[in-house]
Amino acid sequence: MSATSHGGGLHALLTEFESPSAFMQACAKVRDAGFRHWDAHSPFPVHGLDDAMGIRGTRLPWLVLASGATGLGVATLMQWWMNAVDYPYVISGKPLFGLPAAVPVMFELTVLFSAFACFFGMWGLNGMPRLHHPLLAHDRFRRASQDRFYIVIEARDPKFDLERTRAFLASLGGSVVDEVRESVEG
Amino acid sequence: MKNPQVSQAWDNTRDDPTRPVELILGGNDFTSITEKVSDIVLERKTPRAWYLAFFASAGLTGVLFLMIGWLFIRGVGVWGLNNPVGWAWDITNFVFWVGIGHAGTLISAILFLLRQKWRTSINRFAEAMTIFAVVCAGIFPGIHVGRVWVVYWLFPLPNEQAMWPNFRSPLLWDVFAVGTYMTVSLLFWYTGMVPDLATLRDRARGRVRQAIYGFLALGWRNSHRHWHRYEKAYLLLAGLATPLVLSVHSVVSFDFATSQIPGWHTAIFPPYFVAGAVFSGFAMVGTILIPARKWFGLEQIITKHHLENMNKIILATGSMVGFAYATEFFIAWYSGNPNESFAFINRAFGPYAWAYWTMVTCNVVTPQLFWSKKLRTNLGVMWVMYIFVNIGMWFERFVIIVTSLSRDFLPSSWAYFRPTPVDVLTFVGSFGLFFTLVLLFIRFLPMIAMAEVKTVMPIADAHSGERRSVGDYHGDIPAHVRDGGDR
């Protein structure tokens with residue numbers, strides 16, 4: 001059974017759980033079954049799920065570090081160039097560029113650049129904003145942001161087979177197995 | 001007190017080390033938490049009191065802008081400033097409002113890093129308050145500059161003089177500190193709110209609301225692969241905001257500490273200002289939180305345990321402030337500097353003694369009542385205490401700024417500052433702006449961080465069997481941190 005991504009085609013299969021512990025055990029089973037294009041959805045971050053799903057660490061901290069270093073460099077160069085090079089003027093006998101007086105702005109721009117990298121980097125790596133997604137059009141899935149837990153296996157996964165994956169999901173102990181259709185354009 | 005069983009069940013302030021503190025009372029589950037918080041925005045009819053409060057606040061905001069308009073037309077002479085008092089209510093109000101904001105960042109960032117689970121019930125509210133307070137604060141330095149039409153000279157922008165701002169001045173550090181603080185607070189607040197905006201999107205019934213909340217939720221679909229990066233980003237933002245919040249009021253204090261005015265030129269200012277800021281901020285959070293939790297029926301989520309913890313922080317920071325006042329006096333005497341000694345004797349016994357003793361009473365004396373458990377768990381007492389702290393902390397800034405300026409080195413130029421009606425109405429108007437923003441927030445955005453509250457409920461624990469926790473904060477170290485498996 002081949003799944004296509006045409007309008008109205010099958011996007012994924014989902015199953016629903018009511019308790020975090022059953023959900024987490026089920027996630028470990030999906031991980032061990034070797035699926036790759038699958039995901040777990042919960043109203044809040046369930047602790048320990050990273051391991052149960054086999055998620056590797058994110059590279060976000062490195063982006064933040066690089067951006068913070070950029071902020072530090074920009075602040076240092078800006079203060080030196082503006083006050084000591086481009087338009088030097090002496091005020092109450094202070095040196096044109098002195099490190100102590102430059103520290104506050106260096107600190108602030110380091111934090112500012114880091115925070116921007118953190119914010120935009122996180123949404124970017126998560127592929128957001130993305131306002132249109134097949135899951136968002138699925139009625140039952142609305143409770144993922146409220147009080148239910150979902151495991152979703154996408155049809156594009158190489159191991160996906162409609163009948164066998166459906167049976168596998170049903171064996172996990174969730175309350176229901178449902179199809180998620182590709183959203184029709186318009 | 002009519003039903004002792006109910007009141008006992010709702011009292012989670014008992015100190016029983018053998019039992020974990022229940023942070024959420026009333027047998028709530030994920031569904032009921034979601035409904036209680038999102039129904040305030042989506043389902044409940046707007047109470048008439050909200051409209052009354054909103055129109056009153058909006059009216060005061062109008063007064064604020066009228067006063068600012070008058071100031072722009074006539075110049076800073078409409079205020080009671082004189083020579084030598086060139087800074088008075090404008091900068092007092094600025095420092096007052098910036099300080100208020102600090103509680104929000106302390107709750108959202110520092111208590112997060114310290115794994116204080118009780119923060120989840122109040123952090124959204126406190127962060128919102130931070131942003132609104134910084135908005136109010138930002139107005140004052142903006143309008144006090146005199147020639148407001150060249151206010152962009154504050155920023156390092158190319159201008160017609162081909163000149164750059166002076167980075168050796170603490171006033172410019174302030175621009176960067178407050179600007180960064182505002183930006184980072186906003187990013188932090190919005191990041192925390194996205195999952196809850198998704199909840200509102202999924203529960204909203206009208207098309208317009210679905211579209212607006214959907215747009216703001218950025219397409220969040222609660223994927224754990226997203227949560228994973230989200231939690232990392234949240235931790236990093238908390239780590240960034242923690243030194244930031246300590247730096248903001250330190251930099252504000254440099255405006256004074258790096259000058260040579262007696263009473264300003266002291267090394268104690270940065271820590272003393274930060275403690276005072278947290279003190280005043282918690283008082284303002286409490287001032288609004290106590291009525292809000294009652295009007296919107298949130299007593300099971302924002303419990304007495306939360307309020308008691310806040311009061312303990314108020315007691316601690318209030319005592320730090322009192323200690324700083326004493327240290328200032330000691331150093332003024334011990335330094336042997338006659339100008340410095342005079343400045344402090346003048347504060348306590350000079351023409352502004354009334355303001356000084358108002359400050360000491362409100363900031364140092366009355367908060368000591370919170371040593372009593374009975375008083376710090378009594379809603380009425382704590383609310384009155386919060387008002388006292390708000391008053392005391394405004395006076396602290398007034399005392400520091402105006403007493404030092406009004407009598408500096410040259411007795412022939414001493415002068416007494418008297419505010420004009422424009423001073424008073426501008427300050428009152430800034431409260432109007434603050435409460436207008438708070439009321440809009442309560443009406444249209446999730447007041448409680450639903451997703452975060454759910455994580456601290458016992459039913460959220462996926463391995464409750466291996467849990468060893470007692471108390472507030474133990475045992476929730478995520479596995480990847482505990483095992484060092486993450487990178």
For the stretch A:108-116, Karplus-derived ³J(HN,Hα) couplings (6.51, -1.76, 1.60; θ = phi - 60°; whole Hz; x for glycine and proline) come out as 4, 6, 4, 5, 4, 5, 4, 5, 5
Heavy atoms only, 1.4 Å probe, whole protein assembly: order B:Trp173, B:Trp87, B:Trp371 by accessible area, highest first.
B:Trp371, B:Trp87, B:Trp173
Note the angle between two axes, namely the Cα long axis of helix B:89-105 and the longest principal axis of the Cα atoms of chain B, as a number of degrees from 0 to 90, rounded to the nearest 10.
20
Separation between Cα centres of the stretch B:285-359 and the stretch A:108-186, rounded to whole Å:
49
Quotient of C-alpha Rg and 2.2 N^0.38 Å, computed over the protein assembly as shown:
1.05
So how tilted is helix A:20-32 from the main axis of chain A? Cα-based, degrees 0 to 90, rounded to 10.
90
Taking a 1.4 Å probe, which of B:Ile268, A:Ile153 shows the most accessible area, and what order do the others take after it?
B:Ile268, A:Ile153
If amide hydrogens are placed 1.01 Å from N in the peptide plane, which non-local residues have theirs closer than 5 Å to the one on B:Ala217?
none
May I ask you to evaluate 6.51 cos²θ - 1.76 cosθ + 1.60, the Karplus curve with θ = phi - 60°, for each residue of the stretch B:336-344 and list the ³J(HN,Hα) values in order in whole Hz, giving x for glycine and proline?
x, 8, x, 5, 5, 4, 4, 4, 7
What ³J(HN,Hα) values, in whole Hz, does the Karplus curve 6.51 cos²θ - 1.76 cosθ + 1.60 give for the stretch A:135-146 when θ = phi - 60°, with x put for Gly and Pro?
5, 5, 8, 8, 4, 4, 5, 4, 7, 4, 8, 10
Heavy-atom accessible area order for B:Arg418, A:Arg130, largest first, 1.4 Å probe:
B:Arg418, A:Arg130
Relative to the compact-globule estimate 2.2 N^0.38 Å (N residues), the Cα gyration radius of chain A stands at a ratio of 1.56
Run the count for the protein assembly as shown, please: Lys pairs, Cα-Cα under 17 angstrom, 8 or more apart or on different chains.
14
With every protein chain left in place and a probe of 1.4 Å, what is the accessible surface of A:Glu182, to the nearest 10 Å²?
40
What does the net charge come to around B:Ala449 if you take all other residues with beta carbon closer than 14 Å to its beta carbon, with K and R at +1 and D and E at -1?
+1
Could you give log10 I(q)/I(0) at q = 0.21 Å⁻¹ for the stretch B:381-452, computed by the Debye formula over C-alpha point scatterers of equal weight, without solvent?
-1.08
Ratio of chain B's C-alpha Rg to 2.2 N^0.38 Å, to two decimals?
1.03
Amide hydrogen neighbours beyond the local backbone of A:Ala12, cut-off 5 Å, H modeled:
A:Ala155, A:Val180
Heavy-atom accessible area of B:Arg74 with all protein chains present, probe 1.4 Å, nearest 10 Å²?
150
A plus B alone minus the pair: what accessible area, both sides summed, probe 1.4 Å, in Å² to 100?
6500
B:Tyr152 accessible area, 1.4 Å probe, all protein chains in place, Å² to nearest 10
80
For the stretch A:60-125, what's the radius of gyration and Dmax over Cα atoms, in angstrom?
14.7, 49
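The values are calculated or read from the model by the stated rules, or taken from the named source; none is laboratory data. This is a predicted model, so every value here is computed, not measured. Every residue, glycine as well, gets a Cβ built from its backbone with ideal geometry; the counts of neighbours run over all protein chains shown. Accessible surface areas use protein heavy atoms only, side chains included; no ligands, DNA or RNA. Shrake-Rupley method; radii C 1.70, N 1.55, O 1.52, S 1.80 Å.
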